[in-house]
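The values are calculated or read from the model by the stated rules, or taken from the named source; none is laboratory data. Model, not experiment: these values are computed from the prediction. Here the Cβ is made from the backbone with ideal geometry for all residues, glycine too, and neighbour counts use every protein chain on show. Protein only, heavy atoms only, side chains kept; ligands, DNA and RNA dropped before computing areas. Shrake-Rupley method; radii C 1.70, N 1.55, O 1.52, S 1.80 Å.
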Amino acid sequence: AQSVTQLGSHVSVSEGALVLLRCNYSSSVPPYLFWYVQYPNQGLQLLLKYTTGATLVKGINGFEAEFKKSETSFHLTNPSAHMSDAAAYFCAVTTNSGYSTLTFGKGTMLLVSP
Amino acid sequence: NAGVTQTPKFRVLKTGQSMTLLCAQDMNHEYMYWYRQDPGMGLRLIHYSVGEGTTAKGEVPDGYNVSRLKKQNFLLGLESAAPSQTSVYFCASRPGQPYEQYFGPGTRLTVT
């Protein structure tokens, strides 16, 4: 079984500040990890993913995440928050089994103030 | 490409009524999924399909049925709606690899 824990249902930052959204996962086999973003009243959009290879992955809009196996973490960062980054962020885990499904965390709402 | 589309966008039902939500994708994806999203709960998997003519139960399947008669369509049915099924429903699809799912815009369902 797999699971995802996102620490903090809400994170508030000032525009231009560092963004750090935390994600820890549990998986009995090597995981594939994803971050999705959801803007108000929209569906989910893929931000970035880790499957194999380089543990630091870069996504859209300046976001990046680092896979740390020893810490079972996949935290999302952005060095400089923009007002347009205000959204809900979801971490998700799956495995490389063909029938494997995605398990989502409960999400973190990022609030950006001017 | 339209990607993943969902019909309808909004719906209000009375308790006991039935309805069908339609999900369509034009990317020739094998896998399709139905999720519900509730405040503070993230997305929870209702049912999924690994190919035309196949379906399987997810985390919260009770009260829902699905069908995948055509590869591009995945239908979610509520036979007798209950207020607990008030939610936002998302459909998603993916190819075999690299496992990322593509989401539709969602259907907001209210059951009174």
When you check residue A:110 against the structure, is it farther than 19 Å from residue B:44 by Cα, part of a strand (DSSP E or B) and in contact with a helix residue (DSSP H, G or I) (Cβ under 9 Å, 6 or more places away or on another chain), yes or no?
yes
Among strands (runs of 3 or more DSSP E) entirely inside segment A:1-93, those with 1 or more residues being under 12 Å from the mean Cα position of the chain (by Cα) and over 25 Å from residue A:113 (Cβ atoms) are A:3-7, A:19-26, A:31-38, A:44-50, A:56-58, A:64-68, A:73-78
With the condition kept exactly as written, say whether any residue in segment A:91-104 is more than 10 Å from chain B (Cβ to nearest Cβ) and loosely packed, with under 13 Cβ neighbours inside 10 Å.
no
The lone condition residue A:68 fails out of (1) in contact with a Pro (Cβ under 7 Å, 6 or more places away or on another chain); (2) over 27 Å from residue B:33 (Cβ atoms); (3) of a type outside the set (S, T, N, Q) is (1)
Selection from segment B:54-66 of residues surrounded by 14 or more Cβ atoms within 10 Å (Cβ to Cβ), in a loop (DSSP other than H, G, I, E, B) and of a type in the set (Val, Ile, Thr) yields B:55, B:60
Please determine, by comparing only the residues of segment B:1-21 that are within 25 Å of residue A:46 (Cβ to Cβ) and small (Gly, Ala, Ser), which one is surrounded by the fewest Cβ atoms within 10 Å (Cβ to Cβ).
B:2
Positions within segment A:21-39 being exposed (fewer than 13 other Cβ atoms within 10 Å of the Cβ) and more than 13 Å from every other protein chain (Cβ to nearest Cβ), in sequence order
A:28, A:29
For segment B:35-53, enumerate the residues that are surrounded by 13 or more Cβ atoms within 10 Å (Cβ to Cβ) and in a loop (DSSP other than H, G, I, E, B).
B:41, B:50, B:52
Any idea which of B:75, B:109, B:69 is of a type in the set (A, V, I, L, M), under 14 Å from the mean Cα position of the chain (by Cα), open to solvent by 20 Å² or more (accessible area, probe 1.4 Å) and more than 14 Å from every other protein chain (Cβ to nearest Cβ)?
B:75
Only one residue in A:15, A:71, A:66 is touching a helix residue (DSSP H, G or I) at 6+ places or on another chain (Cβ under 9 Å) and open to solvent by 60 Å² or more (accessible area, probe 1.4 Å), so which one is that?
A:15
